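Below is one structure, written out as C-alpha cells; comments come after it.
Readers should treat all values here as calculations from the given coordinates under stated rules, not as data from a laboratory. Since this is a predicted model, take the numbers as computed values, not measurements. Cβ atoms come from the backbone with ideal geometry, glycine included; neighbour counts cover every protein chain shown.
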Amino acid sequence: MAHTYDLLLQAGTPGEAAPVAALVTALTARGAVLSPEGRGLWKLSDGEVTIEPLVEEGQVKGLDVRVPLLDKTGLIEDVVKSLSDVARSVQGRLTDPQRGDAATLTTLSLLLEEYLRMARYAGEYGAVSGALGLSTWASPPEEDSSTLRWVLVLAVFVIAGWAGWRTINAIRDANRAEEPPALMNGPPKIPGK
C-alpha cells in the first residue's frame, strides 16, 4: 500500500515528454533540491515531499511528486498551490492520478477529500504514524459530561425501577388469584333466616 499521495507534473500535451529541465528549474527556484533528471526532496513549511522522474518507454513523461499521508492538509494544500504555479510557468499540467483528473485550485476540495480518505485508511489499516490522527484507533473521544447524559442515565434507572416494581406486583397478584378460598367453619349462613 502506498503511503503517499502522488501528483504528476507533465507536459501540457498528453503523451509528450515532460520539460524536465524547465520543471527542475522552476521547482529549484521554490526551494526543491533536485538532480538534473528531477530526483530529490522539497522541504516546505508543513513537511517535505519526494520527487521522482516518471519514466515510460524510455522517456520521462513527468515528475512524480509524492506527498506523505498526514492527518492534516496543510502540506498537500501548499504542494498543490505551488505545483499549479510551476505547471503554469512551464506551460505544463498538474494531474492527480488517484482521481484520474487535473489537479487545480478549483478542484482542490475534491483532491483534499480523496487525500483525507486515503490518509484515514493508511492510518487505520496501514499504521502510518502521520495519519493515525484520522484513524478510528487513534484515541478515544473525550468523555461527554453533559447534563443530558446524566438525565438520560437517571431516566433509565427510574424506568428500570418502575418496571421492576410492576413485575413484582404482577407476580404477587397472580399468586393471590391461584390461592384456594379459605374454608368456612360451619354451615353457610343464609340471609334472612
For Gly62, the residues 5 or more places away or on another chain with a placed amide H closer than 5 Å to its own amide H are Ala18, Leu54
Could you give the size of the charge dipole of the stretch 1-129 about its Cα centre, using +1 on the Cβ of each K and R and -1 on the Cβ of each D and E, expressed in debye and rounded to the nearest 20? 220 debye
What number comes out for the charge environment of Val55, summing +1 per Lys or Arg and -1 per Asp or Glu over other residues with Cβ under 13 Å away? -3
Around Leu9: net Lys/Arg minus Asp/Glu count, Cβ-Cβ under 14 Å: 0
With N residues in the stretch 1-64, what two-decimal value do you get for its Cα radius of gyration over 2.2 N^0.38 Å? 1.11
Inverse of <1/r> over all distinct C-alpha pairs of the stretch 4-134, i.e. the Kirkwood Rh in Å, gives 14.7 Å
Shape box of the stretch 22-99 [Cα atoms, principal axes, largest first, Å]: 36, 28, 21
Roughly speaking, what is the stretch gain from Leu105 to His3, that is 0.36 nm per residue apart minus the C-alpha to C-alpha distance, in nm to one decimal? 34.4 nm
